[in-house]
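See below for the structure under consideration.
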Amino acid sequence: MEEFKTLIVILMSSVLVNNYVLNRFLGICPFLGVSKKINQAVGMGVSVTLVMLVATLATWPINEFVLERFGLEYLQTIVFILIIASLVQILEIVLKKFSPSLHQGLGVYLPLITTNCAVLGVCINNINDGYTFLQSVVSSLGCGLGFLLAMILFSGIRSRIDETEVPVFFRGVAITLIAASFISLAFMGFAGIVDNLFA
Amino acid sequence: MKKNSSLYVLFNGILRENPVLVLILGTCPTLATTTNVFGAFGMGVATLAVLICSNMIISLLRKIIPDSVRIPCYIVIIAGFVTVVQMLVHAFVPALYEMLGVYLALIVVNCIILGRAEMFASKNSVGKSALDGLGMGIGFTLALCAIATIREVVGAASFAGIAIPFLEPLKIEFFVKAPGGMVVYGLLIALVGRLTKGKSPKKKDFTCVGCPGMSFCTKSTCNVKKEV
């Protein structure tokens with residue numbers, strides 16, 4: 001039961017409190033670039049969640065049973081980025097073969113995820129925080145869902161920005177960042193939620 | 001200044017094509033490490049070191065690396081240098097290592113480095129690539145320090161960790177929190193756009209070229225073209 005409570009706390013804190021995009025600034029590029037329409041935002045969010053989960057499933061055991069056992073922790077960065085890059089490629093090939101419809105929906109987003117810092121970030125953070133395998137998986141799921149949530153919320157705001165008259169020099173990235181800051185401000189309201197979850 | 005002279009290449013990165021404020025690359029470290037000037041400067045120098053080394057090696061190998069597997073090759077080269085920098089920082093500046101945490105490892109996925117490899121180092125000589133790395137790195141460091149100065153002085157009433165007592169009652173903590181960083185960054189981008197009106201290259205000229213995803217990008221995923 002204690003274990004289950006811990007998992008819920010990890011999930012809630014990674015979705016709401018420590019939201020990767022809005023609080024830890026990981027994965028800002030796709031957040032600003034692909035959030036223009038809601039269907040694109042959902043496609044990107046789902047792909048990132050999927051890749052985060054698969055990447056954690058692969059990197060955690062490799063770190064535990066290969067890198068730490070042989071004292072190779074300093075190779076972590078190289079090994080992880082290579083694993084993520086090849087996983088993304090494999091995932092794309094598998095999806096193309098077995099689920100063409102899903103591939104049509106997500107396929108275009110997958111290659112862009114290789115250089116997404118949120119995926120590498122979640123793998124490294126799971127190790128640094130000393131999570132067990134199950135906790136790592138839950139935390140990656142939470143981070144992915146948090147990313148998806150932020151993308152969906154933000155795509156709604158951006159469609160409103162499109163309809164307004166923005167001062168010339170603020171057009172494009174500047175106004176987008178300022179709008180993102182307001183969502184981030186709203187998410188700060190969740191700050192205390194996890195501490196009192198089971199109080 | 002002549003378009004291909006070394007000086008032009010160097011200053012291009014610092015001013016005209018500043019990676020942070022004009023090209024809008026490397027947004028994640030820009031927002032995450034600018035809560036104080038010390039961290040921002042450290043991040044800038046670490047990125048500068050990786051950028052120069054990776055640009056030089058990639059430029060040296062540009063005729064050897066086959067075109068179809070160049071992105072993975074670049075990533076391995078960059079990851080190698082990031083590991084070197086990580087170990088150096090850990091050994092000599094442990095305080096900085098603690099402060100930057102995961103973001104030091106994440107230099108490997110910084111779009112500036114992969115973008116310059118793809119955009120510049122893979123087409124130019126070693127000397128020019130090194131200069132380009134130096135210019136871009138200095139531009140990155142300066143922009144980070146500028147953002148960090150605003151955020152730290154206004155938000156924490158200190159500069160590089162040294163408290164400024166007379167500002168203490170006026171500090172607005174919002175600016176060192178996550179949303180404050182976005183506001184300051186957005187305002188600076190708008191300011192640079194205002195100051196360089198007509199002089200700076202239009203964003204659409206290079207946003208796609210500089211994008212690390214360019215080689216596999218199908219235009220439908222990315223709306224850079226429509227956005228500018």
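The values are calculated or read from the model by the stated rules, or taken from the named source; none is laboratory data. Quick caveat, the model's predicted, so the values are computed rather than measured. Note that we place each Cβ from the backbone using ideal geometry, even for glycine, and neighbour counts take in every protein chain shown. Note: accessible area is taken over every heavy atom of the protein model, side chains too, but ligands, DNA and RNA are not part of it. Shrake-Rupley method; radii C 1.70, N 1.55, O 1.52, S 1.80 Å.
Quick notes on this structure:
- The angle between the Cα long axis of helix A:76-98 and the longest principal axis of the Cα atoms of chain A comes to about 70 degrees, rounded to the nearest 10.
- Choice from A:VAL34, A:VAL122, A:VAL173 with maximal GNM fluctuation in chain A (Cα, 10 Å cutoff): A:VAL173
- Taking A:GLY33, A:GLY71, A:GLY146 in turn, the Gaussian network model of chain A (Cα-Cα springs below 10 Å) assigns the largest fluctuation to A:GLY71.
- Under the combined filter of DSSP loop state and at most 16 neighbouring Cβ atoms within 10 Å, region A:20-118 retains these trypsin sites (Lys or Arg not before Pro): A:LYS37, A:ARG69.
- Within the shell defined by Cβ-Cβ distances under 11 Å, the residues around B:ALA117 carry a net charge of +2, with Lys and Arg each +1 and Asp and Glu each -1.
- Percentage relative contact order, region A:20-190, counting C-alpha pairs under 8 Å, at least six apart: 41
- Choice from A:ASN18, A:ASN128, A:ASN39 with maximal GNM fluctuation in chain A (Cα, 10 Å cutoff): A:ASN128
- Counting only protein heavy atoms and using a 1.4 Å probe, the accessible area of A:PHE147 comes to about 0 Å².
- For A:GLY130, net neighbour charge (Lys/Arg +1, Asp/Glu -1) across residues whose Cβ lies under 14 Å away: -4
- Inter-part distance where region A:140-199 and region B:52-72 are each reduced to a Cα centre, Å: 37
- Apportionment of accessible area to carbon and sulfur, the protein assembly as shown, percent (1.4 Å): 69
- Extreme residue, positive dipole direction of region B:6-227, given options B:GLY39, B:ASN18, B:ILE147 (C-beta unit charges): B:ASN18
- The angle separating the long axis of helix A:173-187 from the principal Cα axis of greatest extent in chain A is about 60 degrees.
- In nm, spacing of pseudo-spin labels at B:LEU7 and B:SER68 (7 Å Cα→C-beta vector): 4.6
- Mean projection of the Cα convex hull over all viewing directions, computed for the protein assembly as shown: 22.6 nm².
- The amide H of B:PHE159, built 1.01 Å from its N in the peptide plane, has B:ILE164 as neighbours under 5 Å, considering only residues 5 or more places off or on other chains.
- Shape call, chain A: gyration tensor on alpha carbons, a/c limit 1.5: oblate
- Note, ³J(HN,Hα) from phi for region A:139-145, Karplus 6.51, -1.76, 1.60, rounded to Hz, x at Gly and Pro: 5, 5, 4, x, 4, x, 5
- Computed as a quarter of the hull surface, the mean projected area of the alpha carbon convex hull for region A:81-186 stands at 9.2 nm².
- In loop segments of region A:1-88 as defined by DSSP, the chymotrypsin sites (Phe, Trp or Tyr not before Pro) with at most 12 further C-beta atoms inside 10 Å of their C-beta are A:PHE70.
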